[in-house]
1. Give me a count of the residues in region 141-154 that are under 18 Å from residue 106 (Cβ atoms) and touching a helix residue (DSSP H, G or I) at 6+ places or on another chain (Cβ under 8 Å).
2. If we only count helices (runs of 4 or more DSSP H) wholly inside region 1-110, which ones have 3 or more residues that are in contact (Cβ under 8 Å) with a residue 40 or more places away in the chain, surrounded by fewer than 18 Cβ atoms within 10 Å (Cβ to Cβ) and within 17 Å of the chain's Cα centre (by Cα)?
3. Among the residues of region 111-147, which ones are crowded, with 19+ Cβ neighbours inside 10 Å and farther than 30 Å from residue 72 by Cα?
4. Among the residues of region 75-115, what is the count of those that are in contact with a strand residue (DSSP E or B) (Cβ under 9 Å, 6 or more places away or on another chain) and over 14 Å from residue 227 (Cα atoms)?
5. Tally the residues that are modelled with pLDDT of 95 or more, out of contact with any helix residue (DSSP H, G or I) (no Cβ under 8 Å at 6 or more places or on another chain) and under 22 Å from residue 215 (Cα atoms), restricting the search to region 97-113.
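The values are calculated or read from the model by the stated rules, or taken from the named source; none is laboratory data. As the structure is a prediction and not an experimental result, all values here were calculated from the model. FYI the Cβ positions are ideal-geometry reconstructions off the backbone, even for glycines, and counts take in every protein chain you see.
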């Protein structure tokens, strides 16, 4: 459990969409960068390819990004996991061929005041579902599937959210519309805060304590850059 929950809660806000955040030229530079970066993870089970934006790649674009976002949300520090070679990263590229399941990106350093995370769409394909429910433990993938609970990965696997978020059954209409890839029983007690339909040039900002996942509306593949921050 994070030790500085009060400080973390002081910075919590509703999700924010920043329109026209990047120009077409800037998006093209990021897309081209993605093509040349080495593959960090190729998870065939989850059908996802991950690459980390190594800090030494295109420092000018990183600086531009940070300056623009700080004008919207205030000061922050980057808090992204290092590459498998131990190098600092600016963010994580994810190329997904199936919806990403319910999880939270709270990290593993409980002394940190975790802050916001960003999603920068690099394809128009994709939707992200952010829930009102918040979690103050470590980065966790939440599931009631026995195979998923046994799976190994960066995140902890757990079904403890069902004890934390006791409540009514999840809305069947919203489940059918957005979350058919999730067992509806795994969503018990959860309430949607926002469903963000990806648009190139925008950026989605939300608190790292908020549970989230992809929607089930994925026809082919999607690519995005995600960035984690702390105070």
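1. So the count comes out to 3.
2. Result: empty, no element qualifies.
3. 142, 143
4. 16
5. 4
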